[in-house]
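For reference, the structure discussed in these notes is given below.
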Amino acid sequence: MQMKTLLFPLLILLGLTPIDFLKAASPIDVVINEIAWMGTTSSYSDEWIELYNNTDSPVNLENWALKAIDGTPEINLSGIISANGFFLLERTDDATIPDITADQIYTGALSNNGEHLQLFDNQNNLIDEVNCVNSWFAGDNATKQTMERVSPILSNWQTSKNPLGTPKIINNIFAQQEPELEQESIPAPNLTQEPKQQIEEITYPLNIVFNEILPSPEGPDAENEWIVTTKQPFLCL
């Protein structure tokens, strides 16, 4: 207890907070979670970006930065993102999403053709990035559906289910339906088909045996070979 009592004032003198001290940032601790690069149905200028905290502890974003490779936007972050919480960045003013208060306002437009965004911590370590320099992975400029992350720990993206996306709430994860297995069709019996003909059983007489065979006679085999059969009586024992 005495160590903590001495430590916290020291952290304050160094310009740090207990949050900074308790947990250093690691890759994907905080991620870029949703991007309204196309604006909203009200205005194409109403762009917004959402961050998500993957950890069970709050993260101090003081001196963190979210930058585009081309230089615009370049956002110097500040504030606290709560444990497993969201952090909403709205462009220009807090009227971008009328019903939700922004955590921070920024300036600088996102290109509709794509951007390469990088998130750095206060030690300039790269924590997360989204490389859409050639084109955005998802989102629809016509319907204003946003580009949202499917998994907060993977870089996989989808177009939001509805326009305006899901600012500061969990993204809609579309359930993938299992493909239906094709069942083999068994043809129904043809009741009008004629019944098959029954094979007539043939009964041969008993006690007929080969009695003598001449397989190699003198002269041509075809004319001089012969076989003798005989009928033997039953023996009663």
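At positive phi and crowded, with 16+ Cβ neighbours inside 10 Å: which single residue out of 39, 71 fits that description? Steps first, please.
Working: 71 fails: crowded, with 16+ Cβ neighbours inside 10 Å.
Result: 39 is the single residue among 39, 71 that is at positive phi and crowded, with 16+ Cβ neighbours inside 10 Å.
The set of residues in region 44-56 being in a loop (DSSP other than H, G, I, E, B), within 27 Å of the chain's Cα centre (by Cα) and among the hydroxyl-bearing types (Ser, Thr, Tyr) consists of 55 alone. The set of residues in region 145-164 that are modelled with pLDDT under 95 and surrounded by 21 or more Cβ atoms within 10 Å (Cβ to Cβ) is empty.
Of the set (1) modelled with pLDDT under 95; (2) touching a Gly at 6+ places or on another chain (Cβ under 7 Å); (3) not aliphatic (A, V, I, L, M), all apply to residue 44 but (2).
Scanning region 50-82 for residues that are touching an Asp or Glu at 6+ places or on another chain (Cβ under 7 Å) and within 18 Å of residue 93 (Cβ to Cβ) gives 50, 78, 79.
Considering region 118-132, the residues that are in contact with a strand residue (DSSP E or B) (Cβ under 7 Å, 6 or more places away or on another chain) and farther than 17 Å from residue 158 by Cα include one that is surrounded by the most Cβ atoms within 10 Å (Cβ to Cβ), namely 119. In the set 25, 68, 36, only one residue is closer than 19 Å to residue 129 by Cβ, at pLDDT below 95 and not aromatic (Phe, Trp, Tyr); that residue is 25. In region 74-98, the qualifying residues are those that are at pLDDT below 95 and of a type in the set (Ser, Thr, Tyr), and the one that is surrounded by the most Cβ atoms within 10 Å (Cβ to Cβ) is 96. Within region 134-144, being surrounded by fewer than 15 Cβ atoms within 10 Å (Cβ to Cβ) and in a loop (DSSP other than H, G, I, E, B) holds for 134, 135, 141, 142, 143. When residue 112 is tested against (1) assigned to a loop (DSSP other than H, G, I, E, B); (2) without any contact (Cβ under 8 Å) to a residue 60 or more places away in the chain, only condition (2) is not met. Consider residue 123 carefully, then state whether it is within 18 Å of residue 63 (Cβ to Cβ), in a strand (DSSP E or B) and among the polar types (S, T, N, Q). No; evaluated as a whole, the condition is false for this residue.
The values are calculated or read from the model by the stated rules, or taken from the named source; none is laboratory data. Note that the structure is a prediction, hence the values are computed from the model and not measured. Every residue, glycine as well, gets a Cβ built from its backbone with ideal geometry; the counts of neighbours run over all protein chains shown.
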